[in-house]
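A short worksheet on the structure shown next.
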Amino acid sequence: MNKSEEANKSFKGKKVLITGGLGFIGSNLAVRLVELGAQVTLLDAMIKGHGGNIFNIEPVKNKVEVKFNDLRDEKEMDEVVKGKDYIFHLAGQNDHTLSLKNPFPDIEINIKGSAVLLEACRKSNPEARIVYTGTRGEYGPAIKLPVSEDAPINPKGIYELSSLTVQKLFKIYNDNHKIKSVTLRLTNVYGERSQMKHDRFGVVNWFIRLAIDNSIIKVFGDGSILRDFLYIEDAVNAIIMCALCQDAQGEVFNVGHNKAYSFLELVKSIINISGSGSWEFCPFTPERLAQEPGDFYSDINKIKRIIGWSPEVDLKEGLKKTITYYEKYKKMYW
Ligand SMILES: NC(=O)c1ccc[n+]([C@@H]2O[C@H](COP(=O)([O-])OP(=O)(O)OC[C@H]3O[C@@H](n4cnc5c(N)ncnc54)[C@H](O)[C@@H]3O)[C@@H](O)[C@H]2O)c1
């Protein structure tokens, strides 16, 4: 039995909470954990403009408990964390461009909300094991590629700074209060169940929508910026395996892909696979430029070594699966 199969067996009968469980990553995780036999509770405030979508949990809707509560509600959080073996913390404000116009949603939802969750665990369930999904944006521009966990940290926006703050909060609670957690720095994740209504986050999915609609995809600059795009199933595997690994506790891990592609290669693949859409170059908008770190791909040696995880789905295969899903369920997402 390999590490991933072994990990999967361990969720049978376990009580699990997923904050942000109706969103993109949270709902994919929910579907997988139900398959693995876990008793899953989802907490989601369905914040406007974010990825919450009740259709995301269609395959497991009768097998999960859904709580439409806000992470910042201290009383509710004290109750909902009780008795959970694992907590996956995915609720968050993740609109990168909004954060430069208005810093308060990041401070309120990401930083304060995460502190509320941690305090609830400290008071009502100090035994739970927690995984937090932060962003590779915590690093800011890469000084050296690929970017490893000990690289300099210079986040470019408030969203990225809030993610870094939350990562440090988890580390402090892990070290001082023995609240067991693992924090992740995810690269650009794409796949089924992401929101498709706007381009403010989830760039790969947005390009897929434009292609399916037979529209023009605008490629910023000369399209040569490199990124290690990660398919959702791989991200879910990493999250699950990190939750189960004793040696992961208190650690931060990059979760990315060992193969990087340019944005132009990405766009051409999407158009090729979907058989529709076109592309053209366009200058960066000032907001995008302000947050664009340039070439970025993750060094994933640490997670490979300690957790035994590595990505299994290459870009073309991941795009095919994603495009097939949205062609079928377009009306639930457009
Ligand atoms: N998708 C990516 O590529 C990516 C990359 C790096 C990090 N992340 C992080 O992973 C997490 C999940 O991302 P996602 O892509 O699934 O986003 P998403 O928007 O699809 O899901 C987030 C969910 O959190 C919910 N939510 C927001 N604020 C809440 C609150 N105060 N109380 C309760 N629920 C709340 C939203 O309603 C939404 O359903 C986020 O913290 C995001 O910053 C995502």
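Every number in this text was worked out from the coordinates using simple rules, so none of it is lab data. This structure is a prediction, so every number in the text was calculated from the model and none was measured. Glycine also receives a Cβ, built like all others from the backbone with ideal geometry; neighbour counts cover every protein chain displayed.
How much net charge surrounds Val40 when only other residues with a Cβ under 9 Å from its Cβ are counted (Lys, Arg +1; Asp, Glu -1)? Once all neighbours under 9 Å are counted, the net charge is +1.
Listing Thr324, Thr41 from fewest to most neighbouring C-beta atoms within 10 Å gives Thr324, Thr41. For Phe220, the shell of other residues with beta-carbons less than 14 Å away shows a net charge of -3, using +1 for Lys and Arg and -1 for Asp and Glu. When the square roots of the Cα gyration tensor eigenvalues are ordered a ≥ b ≥ c, the ratio a/c for segment 207-254 is 1.5 or more and a/b does not exceed b/c, which makes its shape oblate.
Of all DSSP-defined beta bridges confined to segment 191-334, some 25% are antiparallel rather than parallel. Seen from Tyr86, the other residues with C-beta closer than 9 Å to its C-beta sum to a net charge of +3, counting Lys and Arg as +1 and Asp and Glu as -1. Among the listed pairs Lys67/Lys123; Lys259/Lys331; Lys12/Lys316; Lys12/Lys180; Lys9/Lys330; Lys144/Lys218, those whose Cα-Cα separation exceeds 24 Å are Lys259/Lys331; Lys12/Lys316; Lys9/Lys330; Lys144/Lys218. Taking other C-beta atoms within 10 Å as the exposure proxy, Trp279, Trp334, Trp309 rank Trp334, Trp279, Trp309 from fewest upward. Using C-alpha pairs under 8 Å with a sequence gap of at least 6, the mean separation divided by the residue count of segment 109-233 gives a relative contact order of 26 percent. For the chain, the relative contact order comes to 18 percent (Cα pairs under 8 Å, sequence separation of at least 6). Taking a ≥ b ≥ c as the square roots of the eigenvalues of the alpha-carbon gyration tensor, segment 269-325 is classed oblate because a/c is 1.5 or more while a/b is no larger than b/c. By other beta-carbon atoms within 10 Å, ranking Thr133, Thr165, Thr322, Thr19 with the fewest at the front produces Thr165, Thr322, Thr133, Thr19. For the chain, the share of DSSP beta bridges that are antiparallel, to the nearest 5, is 5%.
Does segment 117-200 come out rounded, prolate or oblate, given a ≥ b ≥ c as the square roots of the eigenvalues of its C-alpha gyration tensor, rounded meaning a/c under 1.5 and, failing that, prolate meaning a/b above b/c?
It comes out oblate by the Cα gyration axes.
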